[in-house]
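This report refers to the structure that appears directly beneath it.
The values are calculated or read from the model by the stated rules, or taken from the named source; none is laboratory data. None of the values given here were measured: they were computed from a predicted structure. FYI the Cβ positions are ideal-geometry reconstructions off the backbone, even for glycines, and counts take in every protein chain you see. To get the accessible areas, we keep the full protein, side chains included, count just its heavy atoms, and leave off ligands, DNA and RNA. Shrake-Rupley method; radii C 1.70, N 1.55, O 1.52, S 1.80 Å.
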Amino acid sequence: MYLLWGVATNPAHAQFTILHMGAAGSSFEAIDFSSPDIGYATGKDGSVFKTTDAGFYWDPLTTGSGAYLFDVSFLNDSVGFVSGGGATVLKTIDGGASWTPLTLPFTECIYQVQPITGSLVYAAGWGGNFFRSTDGGDNWTNIAIDPGWQGWVFGMEFRDADTGFVAQADGRIYKTVDGGLGWAQSSTSTTNTLRGISMPSATTGYAAGFFGTVQKSTNGGAAWTTVNTGYPNDSYYGVHFTDADHGVICGGFYSGGNWQGVIMRTGNGGSTWSRVLASGPVLNGITVNGASTFAVGVIEVIQSDLFSTSVEGSVFEDHLSVFPNPFDDRIMITSTDLGNNTLYQLFTLTGELVLNGALHNGTIDTQSVQAGCYVLQVHNASGGSLGRTLVVKL
């Protein structure tokens, strides 16, 4: 079992937790939450990891495949698909406990897959090929998005069974209104490769790609204009918007002889951007689950950014907060619910218990704790959880 948690005490200065999962050399490409508690991440060597507690712990699943898996998409907590190299598409109907390989009329990479209903499934990939199944993936029809052009499909998003979009090389975006049977090219203002697309509403959409490229549409994807993030040397690989104004993009930039990861965030439709992360490994995929942002990337890393509502301390329930964070020789906890028998536990990120006991006037003596990142769990005398959060000792 692998532990993952992260908090931000201030949305403008986010904190991140990094988790190394799998063997050395692993890499993750995509992440998807089927419900607030259940999520999946996938990547190199057929790797699929699953969380059942909103991203706190992640467990590896056995897929039976060694393919490089570029995408994961779940219809619900039980039914989902992963796709990748060698025309690989795997399906599960039991939440990842078992996987069935599906056969497509294709031999190249499938970069994207998305179930629409229990029977209707779409996939797309190398050479501008789009695939449509109406029987849950047993049989597929291959449709060329543009017979005169064979750019790879790196991003795909369907808003419903009929209306969908793909983002491709050369800055191309195509739209369908009949479930992929026919496609029309949209007008864009870039020729840079686009790696991801997000359509948070029927009218507004965003696409992101190389050389700091972000495209925005306000007319249902018919036309796209350039949004300036202020970082033309970034390369963006993932984009996720929760509504027309709020979204995040991830990727990387080259600096000092190395590639580094980056996360950008906007709350005003792309008019301005905050650079909330600019370090660590390059990040390939990003999603938002409730108050949490999760990004996955190279060198077996998953990162979590939890945006709390407190700027004074890390809130783990509406009535409970901890400060200072980072801490030194003590941690203070404030709450209207703290009683004489309130208990705490302090764990390392690998789950090792470091410190535990009863709170004394809301204070924990941490003089004996080594510098590092920890998970603080607070509960009442009967074992009922009052919350948990990441804390850091400098």
Limited to the range 86-102, what total is found for residues that are over 14 Å from Gly39 (Cβ atoms), surrounded by 19 or more Cβ atoms within 10 Å (Cβ to Cβ) and among the small types (Gly, Ala, Ser)?
1
Which condition number in (1) open to solvent by less than 20 Å² (accessible area, probe 1.4 Å); (2) at pLDDT 80 or above; (3) assigned to a strand (DSSP E or B) is the one that Val369 fails?
(3)
Checking the structure you have, find out if any residue of the range 124-136 is touching a Ser or Thr at 6+ places or on another chain (Cβ under 6 Å), among the aliphatic types (A, V, I, L, M) and assigned to a strand (DSSP E or B).
no
How about the range 190-287: which strands (runs of 3 or more DSSP E) wholly inside it have at least 1 residues that are open to solvent by 30 Å² or more (accessible area, probe 1.4 Å)?
194-198, 214-217, 225-227, 235-241, 247-255, 258-266, 274-278
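Can you name the residue in the range 24-39 that is aliphatic (A, V, I, L, M) and farther than 18 Å from Thr242 by Cβ and is also modelled with the highest pLDDT among such residues? Show your work before the answer.
First pass over the range 24-39, keeping only residues aliphatic (A, V, I, L, M): 24, 30-31, 38.
Still in the list and also farther than 18 Å from Thr242 by Cβ: 24, 38.
On the way: Ala24: 59, Ile38: 95.
Here the residue is Ile38.
Quick grid of which residues meet (1) open to solvent by less than 40 Å² (accessible area, probe 1.4 Å); (2) modelled with pLDDT of 70 or more; (3) over 24 Å from the mean Cα position of the chain (by Cα):
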| position | (1), (2), (3) |
| --- | --- |
| Ser321 | yes, yes, yes |
| Pro324 | no, yes, yes |
| Asp337 | no, no, yes |
| Leu349 | no, no, no |
| Leu359 | yes, yes, yes |
| Asp365 | no, yes, yes |
| Val375 | yes, yes, no |
For the range 38-64, name all the residues that are part of a loop (DSSP other than H, G, I, E, B), farther than 19 Å from Val79 by Cβ and in contact (Cβ under 8 Å) with a residue 40 or more places away in the chain.
Ala54, Gly55, Phe56
Filter the range 63-85 down to residues that are charged (D, E, K, R) and surrounded by fewer than 21 Cβ atoms within 10 Å (Cβ to Cβ), then give me how many there are.
1
